[in-house]
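Scroll down for the structure; my scribbles are underneath it.
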Amino acid sequence: MTESTKTATLTIDGQTYELPVHSPTLGPDVIDIRKLYAQAGVFTYDPGFTSTASCDSTITYIDGDKGELLHRGYTIDELAGKSHYLEVCYLLLYGTLPTAAELENFEGTITRHTMIHEQMHNFFRGFRRDAHPMATMVGVVGAMSAFYQDSSDIADPRQREIASHRMIAKMPTIAAMAYKYSIGQPFVYPRNDLDYASNFLHMCFSVPAEEYVVDPILARAMDRIFTLHADHEQNASTSTVRLASSSGANPFACIAAGIACLWGPSHGGANQACLEMLKEIGTPDRIPEFIARAKDKEDPFRLMGFGHRVYKNFDPRATVMKQSADEVLDLLGVENNPILQVAKELEAAALADPYFADKKLFPNVDFYSGIILEAMGLPTSMFTPIFAVSRTVGWISQWKEQFEDPQQKIGRPRQLYLGETEREYVDVENR
Ligand code: SDX
């Protein structure tokens, strides 16, 4: 961060304070309030962090008004169209696009870390078969620190790198195992002759009784879904990972915390909730009823897959996902998918409604992804685990960046206390 010449003036009770203002490469200036409490004895107040920059970062930039998303300066449209997930992983982790040799070496490394310790298989058997795969993933990923102690000394850069590679490599295996366990089928080991997305589909859909050949259309669609969900600046789950990491917790525990946060329906759980909503709507004639419910202040119902804290325009990922949904369903010969029809008509109706237009509510990344995933044969319960698989590289890249930032310290927000002032204890017989 370059030393700032700009300042902001704050006057409280007749006292004036000059606060440094820092300018970014892209995006709004920030007012540096790190010394505010020491100087003025006041906190700032920002529940939900709608106007707060929690860190500086060089990984991802979002322009919410324009609906733009950059990873290390490259647009998500270009990356989704020209790159592939493991190359985007390299870009997020190391900051530059790899040479052919670097990419081959990186992909070889990830491929050879895809198996998990054989004893970890026992963890799955401790869960009920009907456990949500996200519950299993939180548990199994959290337990990884018990098996990979040789890469949990975060002070060692090489161990940080090995832990990063292990996380990226093993998440698809763990997610696929959670799925297999939930349907009572045997676990399928990864194969080193398959690319990342094909391997994941193989581990999900292959059975010992017959050969499973990965459909390249599905593999390409899966890879694109992984690419579109890889990182997204300081969203709720990434902020969770950063906060957990700020105490020095090991990377596996931090990623488990991120998975737990992503699970919520306001965040990564929205892709599952969105498809369930589209199925509940069922036919286009019921769309007005659901639009009315979404607008009704008395009704907690919200349109799943719509709205975003940052995007006040189209989520660029939703645009790519919508194109992909059309392509995949067409290539799979899924004629006139009724759910896709409902989604398109719901989108058109919402965008034409002043309520959504005025509040700048547009489809987000979760609006169309479930339609593709369901067409690929995956149950709704696997939608958020797939989001978690993809977002692991974002979490781990942001974890690494934070750990290597000399400015970082343990995250410890304050509060606006509205509770009781001090009072005497009264014995129970006198209450
Ligand atoms: C993800 O942060 C990220 O980057 C997340 C993510 C990522 O890649 O990491 O992009 C992934 O989480 C995408 C979002 C998935 N969630 C959903 O699709 C769930 C439905 N969306 C909403 O719950 C909501 O839009 C949020 C949670 C996404 C954003 O909420 P905000 O920014 O806190 O906005 P808000 O709740 O203050 O809403 C502003 C207004 C409110 O009305 P008023 O009180 O001002 O009258 O818009 C309304 C809300 O009621 N509103 C909606 C709505 N979303 C917001 N009304 C109906 N349906 C919706 N979907």
(request) Tell me which residues, restricted to segment 254-274, are among the aliphatic types (A, V, I, L, M) and either away from the ligand (no atom under 12 Å from the Cβ) or at pLDDT 95 or above (or both). (result) Ile255, Ala256, Ala257, Ile259, Ala260, Leu262
(request) Test Asp285 against the stated conditions and say whether it is away from the ligand (no atom under 15 Å from the Cβ) and more than 16 Å from the chain's Cα centre (by Cα). (result) yes
(message) Tally up the residues in segment 382-415 that are loosely packed, with under 15 Cβ neighbours inside 10 Å and either among the basic types (Lys, Arg) or assigned to a helix (DSSP H, G or I) (or both), please.
(response) 3
(request) Among the candidates Leu418, Leu361, Leu346, single out the residue that is free of Cβ contacts under 8 Å to residues at least 60 places away in the same chain and surrounded by 20 or more Cβ atoms within 10 Å (Cβ to Cβ). (result) Leu361
(request) Kindly indicate whether any position in segment 259-271 is under 15 Å from Val365 (Cβ atoms), among the aliphatic types (A, V, I, L, M), more than 10 Å from the chain's Cα centre (by Cα) and surrounded by 23 or more Cβ atoms within 10 Å (Cβ to Cβ). (result) yes
(request) Please enumerate the residues belonging to segment 220-256 that are aliphatic (A, V, I, L, M), surrounded by 21 or more Cβ atoms within 10 Å (Cβ to Cβ) and in a helix (DSSP H, G or I). (result) Ala221, Met222, Ile225, Leu228, Val241, Ala244, Ile255, Ala256
(request) Return yes or no: is Glu374 touching a residue at least 24 places away in the same chain (Cβ under 8 Å), surrounded by fewer than 23 Cβ atoms within 10 Å (Cβ to Cβ) and farther than 30 Å from His202 by Cα? (result) no
(request) Scan segment 304-313 and give yes if some residue there is near the ligand (Cβ under 10 Å from one of its atoms), among the hydrophobic types (A, V, I, L, M, F, W, C) and in contact with a helix residue (DSSP H, G or I) (Cβ under 6 Å, 6 or more places away or on another chain), otherwise no. (result) yes
(request) Run Phe301 past the list (1) in a helix (DSSP H, G or I); (2) free of Cβ contacts under 8 Å to residues at least 40 places away in the same chain; (3) more than 26 Å from Asp65 (Cβ to Cβ) and report the number of the one that doesn't hold. (result) (1)
(request) Just give me the residues in segment 405-431 being farther than 16 Å from Ser54 by Cβ and at pLDDT below 95, in sequence order. (result) Pro406
(request) Go through segment 167-195 and count every residue that is closer than 14 Å to Met115 by Cβ and aromatic (Phe, Trp, Tyr). (result) 2
(message) Looking only at segment 111-161, how many residues end up being of a type in the set (S, T, N, Q) and within 15 Å of Phe187 (Cβ to Cβ)?
(response) 4
(request) Report yes if Thr58 is surrounded by fewer than 19 Cβ atoms within 10 Å (Cβ to Cβ), under 18 Å from the mean Cα position of the chain (by Cα) and either not in a strand (DSSP E or B) or not basic (Lys, Arg) (or both), otherwise no. (result) yes
(request) Give Arg302, Arg317 a once-over and let me know the one that is of a type in the set (D, E, K, R) and within 19 Å of the chain's Cα centre (by Cα). (result) Arg317
(request) Within segment 5-44, track down each residue that is in contact (Cβ under 8 Å) with a residue 60 or more places away in the chain and out of contact with any Lys or Arg (no Cβ under 7 Å at 6 or more places or on another chain). (result) Tyr37
(request) From (1) small (Gly, Ala, Ser); (2) part of a strand (DSSP E or B); (3) within 30 Å of Pro186 (Cβ to Cβ), pick out the condition that doesn't hold for Gly108. (result) (2)
(message) Suppose we keep only residues that are in a helix (DSSP H, G or I), touching a residue at least 60 places away in the same chain (Cβ under 8 Å) and in contact with a strand residue (DSSP E or B) (Cβ under 9 Å, 6 or more places away or on another chain) within segment 79-105. Which one would you say is surrounded by the fewest Cβ atoms within 10 Å (Cβ to Cβ)?
(response) Leu92
(message) Need the failing condition index for Tyr311 against (1) in a loop (DSSP other than H, G, I, E, B); (2) free of Cβ contacts under 8 Å to residues at least 60 places away in the same chain; (3) crowded, with 20+ Cβ neighbours inside 10 Å, just the number.
(response) (2)
(request) Write out, first by first residue and then by second, each pair whose Cβ atoms fall under 6 Å of each other, whose residues are 6+ apart or on separate chains, and whose first residue, in segment 160-185, is without any contact (Cβ under 8 Å) to a residue 40 or more places away in the chain while the second is assigned to a loop (DSSP other than H, G, I, E, B). (result) Lys180/Phe187
(request) Scan segment 236-253 residue by residue and report those that are within 16 Å of the ligand (Cβ to nearest atom) and in contact (Cβ under 8 Å) with a residue 60 or more places away in the chain. (result) Ser237, Thr238, Ser239, Val241, Arg242, Leu243
(request) Please indicate, with yes or no, whether at least one residue in segment 276-288 is surrounded by fewer than 23 Cβ atoms within 10 Å (Cβ to Cβ), of a type in the set (S, T, N, Q) and not in a helix (DSSP H, G or I). (result) yes
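The values are calculated or read from the model by the stated rules, or taken from the named source; none is laboratory data. Here the structure is a predicted model, which means the values were calculated and not measured. All Cβ positions, even for glycine, are placed from backbone atoms using ideal geometry, and neighbour counts span all protein chains on display.
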